[in-house]
Amino acid sequence: MQPTTYDIFRGKVMRTSFLLAVYAVNCMITFIPCAAAAPSTSPTAALGTFGIDTLQMDRSIEPGDDFYRYVNGRWLENTPIPADKSRYGSFDVLRDKSETDLHVLLNEHIKSPQIDPTLKKVVDLYISWMDEATIEKRGIEPLKPDLDRIAAVKNKADLMELIGSPQMSAPFGFGIQPDPADTTRYKVFIGQAGLGMGRDYYLNKGAEYDAFRAAYQNHIATILQLTGDADSRNSAAAVFELEMTLAPLQWSPARQRDVQATYNPMSREGLTQLAPNVDWPVVLEASGLGDIQHVVVGEVSAIADGASLLDSVPLSTWKKYLTFHRASDTASLLPKDFDQANFDFNSRIMRGVKEQRDRWKRGVTLVDRNMGDGLGKAYVKKHFPPKHKAQMEQLVNNLLTALKTRIDTLTWMDNATRIEALKKLATFDPRIGYPATWRDYSGLIIKPNTLFENVQNARQFEWERRVSRLKEPVDRDEWHMTPSTVNAYYSPLMNQITFPAAILQPPFFDANADPAVNYGGIGAVIGHEIGHGFDDQGREFDENGRIRNWWTPATLKRFSAATKELGEQYSAYCPIPGDDKTCVNGALTMGENIGDLGGMQMAHTAYRVSLLGREAPVIEGFTGDQRFFMAWAQVWRGKSRNDALLNLLLTNPHAPEMVRGQNPQRNIDAWYEAFDVTEDDAMYLHPDSRVRIW
Ligand SMILES: [Zn+2]
């Protein structure tokens, strides 16, 4: 069960992770060519004159042959990926801007004495990150208590207590989420965990993967050596072997998307029957969950089989495993040798990044992840005009109306299912900009010279906050992204769509842009998030967020046939140059692809409705529909390093940007009309082969 949230871009928002990177610098100060200066008859769009950066097009390409290159060709030709990035594109430019905005804010607050106690903590956390001299001087000392605890493990009972601790690794992990059987209450979830790389990196055959595995084993040795292990080579071999044994027991990312198979409510007794070699009372107690009687188990066989390794693998290996993961998880908070080793493996080798990001940028990310609401409140005050919120609310309403119109007329859906779909649509809860209530950090201890402890305190504070809520009703006001995050998400359990302030900027949304561009940009993103309520997973949750199949068999059969065709379209893309074997996984990316297709269709309908029967004006030679489709391709303008692309294809439910920018419109008749695309064009699909879902 993954009763989490589904975002537009990188992945699911998991229990401890708001792991979406935020970077810095806006168009004005990067090397990327900025859009042509707009005529001074302000107010004008930020990109080009009407919202599309037309100077970056390649007009020598036929739109029907390669629409993505037609819109973005010159940008793709001329834009290198910065040395400190694994990918670069529209999202990243905006993330750079967010990062700079937060940095300026932080510096303003550092300069003026802090009266607000939360802002004082935010500033102290950032200062503790920037104080490299103190980090070096303290050396490994902050990690010492954890290393001592691991070293003191004498028997299996000791091990049980350690693997229950929230900061330690294990073949399973705990999360706290609303219960899909009753979304007004929280439940404890247990899911598979404990690997240092994506599962397929352990299982796939070939020289390329052998090299990743060798590099990982080296990395384990480096980290263990830094912790003082005199026999780090042999220790690393044992830890690596353990993970090689664990990996095939785990479920694939595609299988993890099975909503029903991953929802297994259990009592404590059930848990003991499932994995009898785990001392659950001790493990739960160590997690702070000592009085919990019922849990939900995700990947059942992976948890049972993974737990059995606690007996079959020697205790000494488990101790090395715990040491490695603890040091690796906290490497960025430790002296430079640790941090560098972490970068070399996780960024350079796994994602092809050439250089570490500037320290201040990483500091901004650290603050955003650990005290996001503290800085977020100041961020929206400065960067999110109330006018934008009102405009967005209007757009969201138009999109919801468009979907209602479409549901009313869908031919593949029977009436019984249609009634349920409309019920679900009626309870959609859109949230824009920032949360109604900000998180209270008053119990969190932060000091300007103890980085390691600060981050541990923040993580523990967050975990305890979640544990303490187990007895309370679900908080529907909670946000799983900070306002400065360039992303958006859908939560099936809350039936909520959430758009942080930072994504409501060009090229997604521009108050001064042509409406066609806003509909093709943020409009389609809104539609994408709404679409998650009705994708292959969303359809299993009803209007109250409960797991309930509300589809009749006949409708489901027709829906499944359409999604199968869509999966085949995406599986045909193999985007890594020179590698025709590693392709998009149509099953893993299904929900996101349905979201993109449905999102564009809804946004297009909404755009046409907004014209009130009039024809849109032609701007710079482009019709309204042309500008709409171009905006979507511009949003997905980007490129990735090959290793990053490989990582994404193996582990991520989203298809790569060049595929997302290219494929959805091939299924929309209006795109063919807008650009006069015919069977002579490479992207042409016969009308019978166009997938029509929402
Ligand atoms: Zn999505």
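The values are calculated or read from the model by the stated rules, or taken from the named source; none is laboratory data. In this text the structure is predicted, and so the values were computed from the model without any measurement. So basically every Cβ, Gly included, is an ideal-geometry build from the backbone, and we count neighbours across all protein chains shown. All accessible areas refer to the heavy atoms of the entire protein, side chains included, with ligands and DNA or RNA removed. Shrake-Rupley method; radii C 1.70, N 1.55, O 1.52, S 1.80 Å.
Shape verdict for the stretch 66-161, please, from the Cα gyration tensor: rounded (a/c under 1.5), prolate (a/b greater than b/c) or oblate.
Values: a/c = 3.05, a/b = 1.53, b/c = 2.00.
Cα axes put the stretch 66-161 in the oblate bin.
I want the local charge near MET683. Using Cβ-Cβ distances under 10 Å, sum +1 for each Lys or Arg and -1 for each Asp or Glu among the other residues.
Working: positive: ARG666; negative: GLU62, ASP65, ASP66, ASP681.
Here the count lands on -3.
Say the cut-off is 30 Å between C-alpha atoms; which of LYS187/LYS581; LYS377/LYS471; LYS111/LYS137; LYS156/LYS336 go over it?
Details: LYS187/LYS581 41 Å; LYS377/LYS471 28 Å; LYS111/LYS137 26 Å; LYS156/LYS336 34 Å.
Where the Cα-Cα span goes over 30 Å, the pairs concerned are LYS187/LYS581; LYS156/LYS336.
From Cα coordinates alone, what are the radius of gyration and Dmax values for the stretch 512-608 in angstrom?
15.8, 47
Hey, how many Å between the Cα centroid of the stretch 311-385 and the Cα centroid of the stretch 401-470?
Each part's Cα centre sits 24 Å from the other's.
Would you be so kind as to identify which of LEU271, TYR201, LEU315 lies farthest towards the positive end of the dipole of the stretch 141-334, taking Lys and Arg as +1 and Asp and Glu as -1 on Cβ and the Cα centre as origin?
TYR201
Over the stretch 545-694, with every protein chain in place, what whole percent of the accessible area is carbon and sulfur at 1.4 Å, could you tell me? Provide the component values of the computation, followed by the final result.
Numbers: 2930 of 5660 Å².
C and S fraction of accessible area: 52 percent.
Rounded if a/c is under 1.5, else prolate if a/b is larger than b/c, else oblate: which is the stretch 511-568, with a ≥ b ≥ c the root eigenvalues of its Cα gyration tensor?
On the way: a/c = 3.82, a/b = 1.82, b/c = 2.10.
Because a/c hits 1.5 or more and a/b fails to exceed b/c, the stretch 511-568 counts as oblate.
Based on Cβ point charges of +1 for Lys and Arg and -1 for Asp and Glu, what charge dipole magnitude is obtained for the stretch 141-334 about its Cα centre, in debye rounded to the nearest 20? Walk me through the numbers on the way to the answer.
On the way: 16 positive and 23 negative charges, 36 e Å.
With Lys and Arg at +1 and Asp and Glu at -1, about 180 debye.
Working from the alpha-carbon coordinates of the stretch 141-334, get Rg over Rh, Rh being the Kirkwood radius.
On the way: Rg = 17.0 Å, Rh = 17.5 Å.
Here Rg/Rh amounts to 0.97.
Can you tell me the order of 304-317, 108-121, 354-367 when each peptide is scored by its average per-residue count of other Cβ atoms within 10 angstrom, highest first?
Ranked from most to least packed, the peptides come out as 354-367, 304-317, 108-121.
Between ARG476 and GLN394, what's the calculated FRET efficiency when r is the beta-carbon distance and R0 is 25 Å? Round to 0.05. Write out the running numbers ahead of the final one.
Values: r = 23 Å, r/R0 = 0.91.
Efficiency for this residue pair is about 0.65.
Cα centroid distance between the stretch 210-248 and the stretch 262-306, in Å?
Taking the Cα centre of the stretch 262-306 as reference, the centre of the stretch 210-248 is 28 Å away.
Rounded to the nearest 0.05, what FRET efficiency do ASP414 and LYS381 have when you use their Cβ-Cβ distance and R0 = 51 Å? Don't skip to the end; give the middle numbers.
Working: r = 49 Å, r/R0 = 0.97.
About 0.55, to the nearest 0.05.
Roughly what % antiparallel, to the nearest 5, for the DSSP beta bridges in the chain? Could the numbers behind the result be given before it?
Working: 25 of 33 bridges.
In the chain, DSSP labels about 75 percent of beta bridges as antiparallel.
Could you work out the Rg to Rh ratio of the chain, with Rh taken as the Kirkwood radius (inverse of the mean 1/r over all Cα pairs)? Working shown, then result.
Details: Rg = 25.2 Å, Rh = 26.4 Å.
In the chain, Rg relative to Rh is 0.95.
What whole-number distance in Å separates the alpha-carbon centres of the stretch 486-500 and the stretch 64-137?
Distance between centres, Cα-based: 23 Å.
Return P(r) of the stretch 612-662 (all Cα-Cα pairs; 10 Å bins starting at 0; whole %; ordered from short to long distances).
23, 35, 21, 15, 6
Specify which residue in the list LEU588, ALA402, LEU226 is farthest towards the positive end of the charge dipole of the chain, using unit charges on the beta carbon of Lys, Arg (+1) and Asp, Glu (-1), about the Cα centre.
The Cα lying farthest towards the positive end belongs to LEU226.
Along the charge dipole of the stretch 141-334, which of VAL295, SER252, MET160 sits closest to the positive end, that is, farthest toward it, with unit charges on the beta carbon of Lys, Arg, Asp and Glu (+1, +1, -1, -1)?
Of the candidates, SER252 comes out farthest on the positive side.
Determine how many Å³ per residue the convex hull of the Cα atoms of the stretch 349-499 encloses. Walk me through the intermediate numbers first.
Numbers: hull volume 29.8 nm³, N = 151.
Per residue, the Cα convex hull of the stretch 349-499 comes to 197 Å³.
Below 14 Å, Cα to Cα, which aspartates and glutamates can LYS354 reach? Residues fewer than 8 away in the same chain don't count.
Hits, sequence-local ones excluded: ASP84, ASP344, ASP643.
Using alpha-carbon pairs under 8 Å, 6+ residues apart, how would you state the relative contact order of the stretch 141-334 in percent?
Normalised by residue count, the contact order of the stretch 141-334 is 31 percent.
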